[in-house]
Protein chains: 2
Amino acid sequence: MKRLLCAALLLGLGACAPNLRATGDLGLVVERADGRLKLVESTHSTALASIDGLGDLSHASIVYSRDERFAFVFGRDGGLTKVDMLRAEIVGRVVQSGNSIGGAISQDGSLVAVANYTPGGVKVFDTGTLELVADIPAIGADGKASKVVGLEDAPGNVFAFSLYDAGEIWLLDMKDRAKPGLRKFHGIGKQPYDALVTEDGRYYMAGLFGEDGIAMLDLWNPDQGVRRILDHYGRGQDPLPVYKMPHLEGWAASGNLAFLPAIGRHEVLVVDMNTWREVGRVPVAGQPVFAMLQPGGRRLWVNFALPDNALVQVVDVPSLKVIKTLEPGLAILHMEFTPRGERVWMSARDSDRVTVWDTQSLEQVADMPAAKPSGIFFTARAHRMGL
Amino acid sequence: MKRLLCAALLLGLGACAPNLRATGDLGLVVERADGRLKLVESTHSTALASIDGLGDLSHASIVYSRDERFAFVFGRDGGLTKVDMLRAEIVGRVVQSGNSIGGAISQDGSLVAVANYTPGGVKVFDTGTLELVADIPAIGADGKASKVVGLEDAPGNVFAFSLYDAGEIWLLDMKDRAKPGLRKFHGIGKQPYDALVTEDGRYYMAGLFGEDGIAMLDLWNPDQGVRRILDHYGRGQDPLPVYKMPHLEGWAASGNLAFLPAIGRHEVLVVDMNTWREVGRVPVAGQPVFAMLQPGGRRLWVNFALPDNALVQVVDVPSLKVIKTLEPGLAILHMEFTPRGERVWMSARDSDRVTVWDTQSLEQVADMPAAKPSGIFFTARAHRMGL
């Protein structure tokens, strides 16, 4: 009877039969106010289940196990929660710090690392057991503890991250988990606030809040040290008020071009990745938060900080022009493309809805209720680097 | 009781309990001589089950449903077979032509298209039911039926393919399945033999066997027509004997560089994707068949035609030098990287084994028996374009 029940209760579906379910089209929507996740699937754009008890999910982010079954949820309260998506339940949780800001999963899927604000530093856990594998305090060259930001996975079971207060980039090599290797780069610039690893796994780039520019480390040639690029990126000599820090994770290349939300300005910067120089700016409706390239497409999608956060603009890449301004709801916090880019899901926090759009027709094709939704994360992220 | 049995028999495992199983780390190995597939998983590098009854699997290839549950297997005998990987069984099969050469799945996952040699043409099927949705005979401008090759999926539920005999490229737009759109490009060059769509979904490129060069169509600007690039690619004025046609599918970019197996020559061509010109050649041990970039890495892996098909060479991309020559077994027909590139699986047909290698240490880490293995396909392909 117990076993029948097990089979019947999968995903909370009613009939007493084995509810076989693949995981390639699953995703989770963060319902931040309620500490809850909504399990969704992107083939028919429906919600499957809710999962409670995740703690403080402000600014929460999620990575996935390499089989796309388990989610690792990084909460703002320092909670690292492991969720089994096939059973729609929490299977492990550790409160590993007082305040954390995201994390990453290693290339081989065996380790998950968390970046902490309080007390700072990085903790690395086994993805099977959630046992602590490494505890790396982030003491800068100035001898002080630092917040850690921009934690990303890189090839070879390496984690790259930045020390916000100390202005450093560290590489943590976990190939041999009994002997973590640590390499530090000092003086990389003031207040790195977010970072990314390019899709080919080669470059780690940290945006600087405290000065103009981006710190770039070539992971193929770390001996060359950290280089400064895009000297006109950042707040500059004439800083504007910034209503929300932009995210760098949407960075993706279309041919040679990469796109970057400007800080505080109503512009998206266009960067030539051959020279790492700015080659253009796209005027947009507000302060951009995410500027994300649609997979397999020629369009860039941009959302905004207050007071323009009810808008989403779609930019045609060849002409670098806005071709449509959408109003998908109030307070659009996040956008997530289906893996091959035919649809995009958007969370409208203040409308308490998630809406789904066809990326070719630019029409809404589905929507569902969600309580104050923020991040949306599809399992296809399991197969990609630097997310 | 029936339901308990259902739950117990999943993947052929013995215990009477629901064997929940995610699908993100699954794959299939083609055992060509026996018309059989081996279901494998890449987390622990093990075989899970065998699936019989697939017909003639010479030159077979596989695409996956967007939830990573179902495989669509294109057999040489014209068979299109749908396999449920969670039950390890065939759930549908149509013999749709006398001789086929691969296929593709649409961006939204609703359609699968097959390229046929005999009688030629393309047939499109519903992925849910395997019902025929469109039948497109490939009659060239010369009025004759042509073999179809290089069938690839492109953004917007478009399929791109080439007519080998007629020297044409066609775009089949299946956005509205009741009204397929067809656009034809004539005189693109002699004997297109294989093709690819670049990972950004922008370019369709067909290698020409009958003359020097590659025919390239910019899918963002189809009105500009087909352009010829790489005029020294191909058999040229001084053709060499060709023991096996190279495959183009491994094409992937590292920064601006793409890599292409030369036809008949012991070289890999290096192409600058800014100019679409050849900028170098890497001398290798034999006639290359696949030249594949390791995901998230800096290494290119090359296998070879007879008489060098027991070798695999690893090329360091920054220096363009061979750094190691491996001997993974006899008759290495295919290589497949795990999605984030930490391992590579290789089929050794004449050793009746599949071997698994760590891409960082370049050491073998696992192997398993397989009967005359050829293609290896992991489910992560579901999330990518042009495979």
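The values are calculated or read from the model by the stated rules, or taken from the named source; none is laboratory data. Remember, predicted model here, so these are calculated numbers, not experimental data. Cβ sites come from the backbone with ideal geometry, for glycine too, and all protein chains shown count toward neighbours. Just so you know, the surface numbers come from the protein's heavy atoms only, side chains and all, with ligands and any DNA or RNA stripped out. Shrake-Rupley method; radii C 1.70, N 1.55, O 1.52, S 1.80 Å.
Brief remarks follow.
- Most mobile of B:Thr325, B:Thr23, B:Thr275 in a GNM of chain B (Cα contacts under 10 Å): B:Thr275
- Solvent accessible area, Å² - B:Thr118, 1.4 Å probe, full protein context: 70 Å²
- In a fully extended conformation the segment linking A:Thr325 and A:Ala371 would gain 14.1 nm over its present Cα-Cα distance, using 0.36 nm per residue.
- Remark: mean inter-chain Cβ contacts per residue of A:333-342 equal 4, using a 10 Å Cβ-Cβ cutoff to other protein chain atoms.
- The mean number of Cβ atoms from other chains found within 10 Å of a Cβ in peptide B:20-31 is 6, as a whole number.
- For q = 0.06 Å⁻¹, Debye-computed log10 I/I(0) when each Cα of chain B counts as one equal scatterer: -0.22
- Across the identical copies, how the B:Ile139 labels are spaced - nm, sorted shortest first, 7 Å along Cα→Cβ: 8.1
- 1.4 Å probe accessible area per residue over the stretch B:259-387, in Å²: 32 Å²
- FRET efficiency, A:Thr43 to B:Val242 (Cβ-Cβ, R0 60 Å, nearest 0.05): 0.90
- Other-copy label distances relative to A:Ser58, 7 angstrom Cα-Cβ extension, nm: 6.6
- Chain A, helix-only ellipticity at 222 nm - DSSP H runs n ≥ 4, -39,500 (n - 2.57), divided by all residues, nearest 500: -500 deg cm²/dmol
- Copies compared at A:His232 - label distances in nm, ascending, label defined 7 Å from Cα in the Cβ direction: 3.9
- Taking 7 Å steps out from each Cα toward its Cβ at A:Arg228 and B:His232 produces label points 4.2 nm apart.
- The shape of the stretch A:79-126 can be summarised by an equivalent ellipsoid whose semi-axes, obtained from the alpha carbon gyration tensor, come to 20, 14, 7 Å from longest to shortest.
- Between the stretch A:18-92 and the stretch B:95-123, the alpha-carbon centres lie 37 Å apart.
- Accessible surface buried at the B:A interface totals approximately 4600 Å², computed with a 1.4 Å probe on protein heavy atoms.
- Here the Gaussian network model covers chain A, with springs between Cα atoms less than 10 Å apart; of A:Ala141, A:Ala60, A:Ala291, A:Ala141 fluctuates the most.
- Accessible area per residue for the stretch B:104-242, computed on protein heavy atoms with a 1.4 Å probe, is 39 Å².
- Fraction in percent of alpha-carbon pairs per bin - 5 Å, the stretch B:343-387: 6, 21, 22, 20, 18, 11, 1
- Prolate/oblate/rounded label for the stretch B:21-103 (Cα gyration tensor, a/c 1.5): prolate
- Accessible area of chain B belonging to carbon and sulfur atoms, whole % at 1.4 Å probe: 49 percent
- Take each residue of peptide B:377-387, count the partner chain Cβ atoms within 10 Å of its Cβ, and average: the result is 5.
- Once you reduce the stretch A:334-353 and the stretch B:321-336 to the center of their Cα atoms, the two points are 42 Å from each other.
- Distant alpha-carbon pairs in the protein assembly as shown (separation over 52 angstrom), percent: 9 percent
- Gyration tensor (alpha-carbon) shape descriptor, the stretch A:311-387, a/c threshold 1.5: oblate
- Förster radius 56 Å - calculated FRET efficiency between B:Asp218 and A:Val91, Cβ distance, rounded to 0.05: 0.70
- For the stretch B:168-217: rounded, prolate or oblate by the Cα gyration tensor [a/c cutoff 1.5]: oblate
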